[in-house]
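Below is one structure, written out as structure tokens; the observations come after it.
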């Protein structure tokens with residue numbers, strides 16, 4: 001079975017500017033991939049090529065085995081842009097009906113009701129867009145991206161305008177989509193959200209993938225700290241497996257041990273290291 005999205009040696013040039021420089025990437029069905037990178041790294045160009053809005057200069061991109069931009073690929077993909085704008089005068093239900101018409105969806109009222117329930121906007125069915133908060137509009141945008149039951153969802157900063165409750169709703173929604181076999185490419189600068197929800201991360205910089213892997217694979221252990229009666233002891237090269245022996249040695253020496261901390265870098269640290277940003281202090285593992 002073909003992956004939900006795949007690209008091979010994907011290159012895009014705008015005159016002398018290279019937006020993508022030979023990207024190889026696969027997103028499996030039911031996988032949540034975090035696509036990270038600074039502004040101008042090529043994330044939006046990659047997304048637009050997947051959606052068929054931009055043509056690659058070289059290389060190939062496919063959605064469910066079909067060329068990106070083809071009729072099959074377009075039917076299989078849902079997209080929410082970062083800077084979207086909906087007609088102010090439409091209600092939530094009317095907006096979804098419009099997108100059903102554009103997508104050729106035959107889901108009707110039942111599909112619209114299900115989507116509004118998924119993003120917890122059932123009570124806003126008749127509310128006009130101009131009467132909604134930015135967070136409500138963001139969740140409505142996710143609902144419209146799901147019209148027609150796409151198997152690949154491209155979301156550009158979907159939680160940027162949401163409060164903590166709204167972000168939790170979206171995280172639960174994305175987890176539910178993964179369970180249903182829907183693949184999601186999540187473009188976000190909120191690295192804590194990506195770390196919580198994504199199965200895998202790809203970091204773009206200057207049009208190239210400079211790091212990839214699970215969030216756990218990208219972070220690094222940074223040693224152990226042990227709080228004793230005599231003060232804080234640091235073991236920068238120690239691993240989790242060495243903790244029992246370290247504690248036993250301290251106790252044998254007559255030390256009172258009060259707390260053990262495993263230190264680790266975060267996804268933010270891995271991101272900054274990959275794109276050349278400043279290093280950050282290690283965090284505690286809980």
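The values are calculated or read from the model by the stated rules, or taken from the named source; none is laboratory data. Since the structure is predicted, the reported quantities are computational estimates derived from the model, not experimental observations. Using ideal geometry, Cβ is built from the backbone for each residue, glycine included, and neighbour counts are taken over all protein chains shown.
Take the conditions under 21 Å from residue 102 (Cβ atoms), within 16 Å of the chain's Cα centre (by Cα) and part of a helix (DSSP H, G or I) and apply them to residue 171. Does it pass? Steps first, please.
Details: under 21 Å from residue 102 (Cβ atoms): no; within 16 Å of the chain's Cα centre (by Cα): yes; part of a helix (DSSP H, G or I): yes.
The answer is no for residue 171.
If I ask for residues that are loosely packed, with under 13 Cβ neighbours inside 10 Å and within 17 Å of residue 139 (Cβ to Cβ), which ones from region 50-86 would you list?
Once the filter is applied, which keeps residues that are loosely packed, with under 13 Cβ neighbours inside 10 Å and within 17 Å of residue 139 (Cβ to Cβ), region 50-86 yields 83, 85.
Quick one: would you say residue 90 is surrounded by 13 or more Cβ atoms within 10 Å (Cβ to Cβ) and within 23 Å of residue 51 (Cβ to Cβ)? Before you say what the answer is, go through the steps one by one.
Details: surrounded by 13 or more Cβ atoms within 10 Å (Cβ to Cβ): yes; within 23 Å of residue 51 (Cβ to Cβ): yes.
Here the answer is yes, as residue 90 does meet what is asked.
Take residue 165 and decide whether it is touching a residue at least 24 places away in the same chain (Cβ under 8 Å) and more than 13 Å from the chain's Cα centre (by Cα).
Values: touching a residue at least 24 places away in the same chain (Cβ under 8 Å): no; more than 13 Å from the chain's Cα centre (by Cα): yes.
No.
Check off (1) free of Cβ contacts under 8 Å to residues at least 60 places away in the same chain; (2) more than 15 Å from the chain's Cα centre (by Cα) for residue 208 and give me the number that stays unchecked.
Tallying (1) free of Cβ contacts under 8 Å to residues at least 60 places away in the same chain; (2) more than 15 Å from the chain's Cα centre (by Cα), residue 208 fails exactly one: (1).
Tell me, which residue of region 190-231 that is surrounded by fewer than 17 Cβ atoms within 10 Å (Cβ to Cβ) and at positive phi is modelled with the lowest pLDDT?
223
State whether one or more residues within region 124-136 are part of a helix (DSSP H, G or I), crowded, with 20+ Cβ neighbours inside 10 Å and touching a strand residue (DSSP E or B) at 6+ places or on another chain (Cβ under 7 Å).
no
Which of the numbered conditions does residue 270 fail, given that it passes all the others? Conditions: (1) modelled with pLDDT under 90; (2) touching a helix residue (DSSP H, G or I) at 6+ places or on another chain (Cβ under 7 Å); (3) in a strand (DSSP E or B).
Exception for residue 270: condition (3).
With the requirement that a residue be in contact with a strand residue (DSSP E or B) (Cβ under 8 Å, 6 or more places away or on another chain) and either assigned to a strand (DSSP E or B) or farther than 21 Å from residue 276 by Cβ (or both), what does region 176-192 give you?
Once the filter is applied, which keeps residues that are in contact with a strand residue (DSSP E or B) (Cβ under 8 Å, 6 or more places away or on another chain) and either assigned to a strand (DSSP E or B) or farther than 21 Å from residue 276 by Cβ (or both), region 176-192 yields 177, 178, 182, 183, 184, 185, 186, 187.
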